[in-house]
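Enquirer: Okay, handing you the structure first.
All of the numbers you see were taken from the coordinates with simple rules; none came from a lab. Predicted model only: the values in this text are computed from it and were never measured. Here the Cβ is made from the backbone with ideal geometry for all residues, glycine too, and neighbour counts use every protein chain on show.
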Amino acid sequence: MVVRAVRGMKDILPDEAVRWQRLERTFRTLVERAGYGEVRTPHIESTELFVREIGEDTDVVGKEMYSFQRHDDALTVRPEGTAGAARAYVQNNLAALEPVSRWYYIGPMFRAERPAKGRYRQFHQAGCEVYGDEGPACDAEMIDLCAELVQAFGVRDFVVHVNSIGSAGTRARYRDELAKYFTPMSAALSEDSQRRLATNPLRILDSKDPRDREASQGAPRVTDVLSDDDAAHLAALRRYLDELGVPYVLDPRLVRGLDYYTRTLFELKITTGELGAQDALLGGGRYDEMISHLGSKRPVPALGFAMGLERVLAVTPAGEARPGPECYLAPMLERATGPALVLGKALRQRGISCELDGRGQSLKAMLRRASAMKARLAVLLGEEELERGEVTLKDLERHEQTRAPLATAVEVALAMLASSGAAAAGSAGSA
Ligand code: AMP
């Protein structure tokens, strides 16, 4: 039996990996320009971290974590990046070292969700976190950065949803209001939401079940119960978004799936319908309580977002294919292989990407392969070339070829590549 990848987990082969690399490069460039530095935390953390910070009655913790026991430790392969980064922030005592920290991460996350288009069990997130700034300007700047990122990736049709869930006191009050509202109609709710009614009624608003959606229609809005401070924070955020020219909708139903949020919540959704129900490209918000909750003596406000890379790639153009080698080396008999290896090494040392085809096939087969790989130059070493101590260099773009002594082959190849590169750049420029 053939062993297959685990359900909901995908291979990313080299032709596709170039798209990932481009995406990651753009992400790094833009967030580093905004002051974020990369953090790399372990992919495995104590299960307790996620249970405490994400919340026991969330789908992620309740149903989706890859958790296991190893020796005496209860461990979990990370389902998201925020809790681990916050743990690292506290553990490494960053609050004592700098007043504001801006971190970003890129990497795989693991959730045992039901696989669907845009929903995988291993997926990848790129995210940012800011610690130490509670002002709404920080939220506005991050939301603007998110919009800038997806636009840089080529996403045009999207809308930013913004809400505030209030600080801890407001949140508790709102929970009570929702419990009061939903209790008389509990029989009409989904089974999951009947349970949530007791444990976390906020999550009923988040449910995709049509029964819960229907029941939520007349539910009290969180924006109606915000404290004066929370309302002022939201109002300032909205003013800054207007000043930045970021279009958004205020969405009082936006609660998001994780329990750690306070105040600002946001999501960026595509509007083309391409991803069906999985239309959120990224989501984020404030989590001003988490750092204290993790044991920091100093309370530190925090804010972050995470973007799903599979979803971004699913809605953006494929872009250019993986480039082939500049130079394709074709030794056509066994005796030619040694000189070809040496020549390849010398070319690479001069910065030329170079691939040696050691299969010893016919000239025709080798050239066909070189063209398929879009190599610019083929260097052929056959019987005749060897006898004369020469190589044949074939420019596959211009369909010209020349002979050169083996001793000067590197220089000739460099000159040919430079002139064909200049020709390509020239024609691109005039196009
Ligand atoms: P969350 O960590 O749940 O707030 O999700 C943030 C973003 O990660 C979402 O907007 C998605 O783009 C992406 N995401 C979350 N779960 C999955 C999944 N199972 N498969 C693919 N992408 C996901």
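Enquirer: I'd like the projected area of the chain, averaged over all directions, using the convex hull of its alpha carbons. Report it in nm² with one decimal. Mind dumping the intermediate values first?
Expert: Working: hull surface 114.6 nm².
Answer in nm², one decimal: 28.6.
Enquirer: Report the residue, chosen from Ala126, Ala198, Ala407, that carries the largest GNM mean-square fluctuation when the chain is represented by alpha-carbon nodes joined by springs under 10 Å.
Expert: The residue that fluctuates most here is Ala407.
Enquirer: How would you rank His293, His161, going from fewest to most other Cβ atoms within 10 Å of each one's own Cβ? Mind dumping the intermediate values first?
Expert: Details: His293 14, His161 19.
By the 10 Å Cβ count, ascending, the order reads His293, His161.
Enquirer: Let me ask something else about it. What length, rounded to one decimal in nm, is gained on full extension from Lys10 through to Glu320, with 0.36 nm per residue of separation minus their alpha-carbon distance?
Expert: On the way: separation 310, 0.36 × 310 = 111.60 nm, distance 2.16 nm.
Gain in length upon complete extension: 109.4 nm.
Enquirer: Additional query: Provide the packing ranking of 236-247, 301-312, i.e. peptides ordered by the mean count of other C-beta atoms within 10 Å per residue, highest first. Spell out each step's value before the answer.
Expert: On the way: 236-247: 15.1, 301-312: 23.2.
Per-residue mean Cβ counts within 10 Å order the peptides as 301-312, 236-247.
Enquirer: I would also like to ask the following. Taking each full run of DSSP H in the chain as one helix, which ones are at least 30 Å long along their axis (Cα atoms) and have mean Kyte-Doolittle hydropathy of at least 1.0? All intermediate terms of the calculation are to be shown ahead of the outcome.
Expert: Numbers: long enough: 409-430 (31 Å, 1.19).
Going by DSSP H runs, the hits are 409-430.
Enquirer: Let me ask something else about it. Using the 10 angstrom Cβ neighbour count as an exposure proxy, how do Tyr36, Tyr287 rank, fewest first?
Expert: Details: Tyr36 21, Tyr287 24.
Starting with the residue having the fewest Cβ neighbours, the order is Tyr36, Tyr287.
Enquirer: Local charge sum around Pro331 (other residues, Cβ-Cβ under 10 Å, Lys/Arg +1, Asp/Glu -1)? The partial results should precede the final answer.
Expert: Working: positive: Arg335, Arg359; negative: Glu334, Asp357, Glu385.
Once positives and negatives cancel, what remains is -1.
Enquirer: With each label point set 7 Å from Cα along the Cα-Cβ vector, what nm distance links His43 and Leu97?
Expert: 2.5
Enquirer: Using r as the Cβ-Cβ distance of Lys117 and Glu191, and R0 as 35 Å, what FRET efficiency do you calculate, to the nearest 0.05?
Expert: Numbers: r = 25 Å, r/R0 = 0.73.
Computed FRET efficiency for Lys117 and Glu191: 0.85.
Enquirer: Report the full-extension gain for the segment Lys345 to Val2: residue separation times 0.36 nm, less the Cα-Cα distance, to one decimal in nm. The partial results should precede the final answer.
Expert: Details: separation 343, 0.36 × 343 = 123.48 nm, distance 3.78 nm.
Additional length available on full extension: 119.7 nm.
Enquirer: Return the single residue from Thr262, Thr58, Thr29 with maximal mean-square fluctuation; model: Gaussian network over the chain, springs between Cα atoms under 10 Å.
Expert: Most flexible of the set in this elastic network: Thr29.
Enquirer: Using a Förster distance of 41 angstrom, determine the FRET efficiency expected from the C-beta separation of Ala34 and Lys364, and round it to 0.05. If you can, show how the numbers build up before the last one.
Expert: On the way: r = 53 Å, r/R0 = 1.30.
About 0.15, to the nearest 0.05.
Enquirer: Only four residue types carry charge here, +1 at the Cβ of Lys and Arg and -1 at the Cβ of Asp and Glu. Report the dipole size of the chain about the Cα centre in Debye, rounded to the nearest 20.
Expert: Numbers: 57 positive and 62 negative charges, 198 e Å.
Roughly 960 debye for the chain.
Enquirer: May I ask you to derive the FRET efficiency for Val159 and Ser353 from their Cβ-Cβ distance with R0 = 41 Å, giving the value to the nearest 0.05? Walk me through the numbers on the way to the answer.
Expert: Details: r = 42 Å, r/R0 = 1.03.
With a Förster radius of 41 Å, E is 0.45.
Enquirer: Along the Cα-to-Cβ line of Lys63, 7 Å from the Cα, sits a label point; which residues in segment 224-265 have backbone N less than 19 Å from it?
Expert: 255-260
Enquirer: Another question, then. Could you check how many percent of all C-alpha pairs in segment 1-131 are farther apart than 22 Å?
Expert: On the way: 3981 of 8515 pairs.
Result for the distance tail: 47 percent.
Enquirer: Right, next: Between Gly218, Gly55, Gly84, which gets the highest mean-square fluctuation from a Gaussian network model of the chain, Cα cutoff 10 Å?
Expert: Result: Gly218 has the largest fluctuation of those listed.
Enquirer: Another question, if that's okay. Excluding residues fewer than 8 places away in the same chain, name every one of the lysines whose C-alpha is closer than 25 Å to that of Lys10.
Expert: Once the sequence-local lysines are set aside, what remains near Lys10 is Lys63, Lys117, Lys269.
Enquirer: What is the spin-label model distance, in nm, from Val18 to Glu56 if the labels are put 7 Å beyond Cα along the C-beta direction?
Expert: In this crude label model, Val18 to Glu56 measures out at 5.2 nm.
Enquirer: Using Cβ counts within 10 Å as a stand-in for footprinting exposure, how do Val222, Val160, Val2 rank, fewest first? Display every interim value, and only then the final one.
Expert: Numbers: Val222 26, Val160 20, Val2 3.
If I rank by nearby Cβ atoms, fewest first, I get Val2, Val160, Val222.
Enquirer: Output needed for segment 196-312: three equivalent-ellipsoid semi-axes, defined as square roots of 5 times the C-alpha gyration tensor eigenvalues, in descending order, whole Å. Show your work: numbers first, answer last.
Expert: On the way: eigenvalues 109, 79, 60 Å².
Working through the eigenvalues yields semi-axes of 23, 20, 17 Å.
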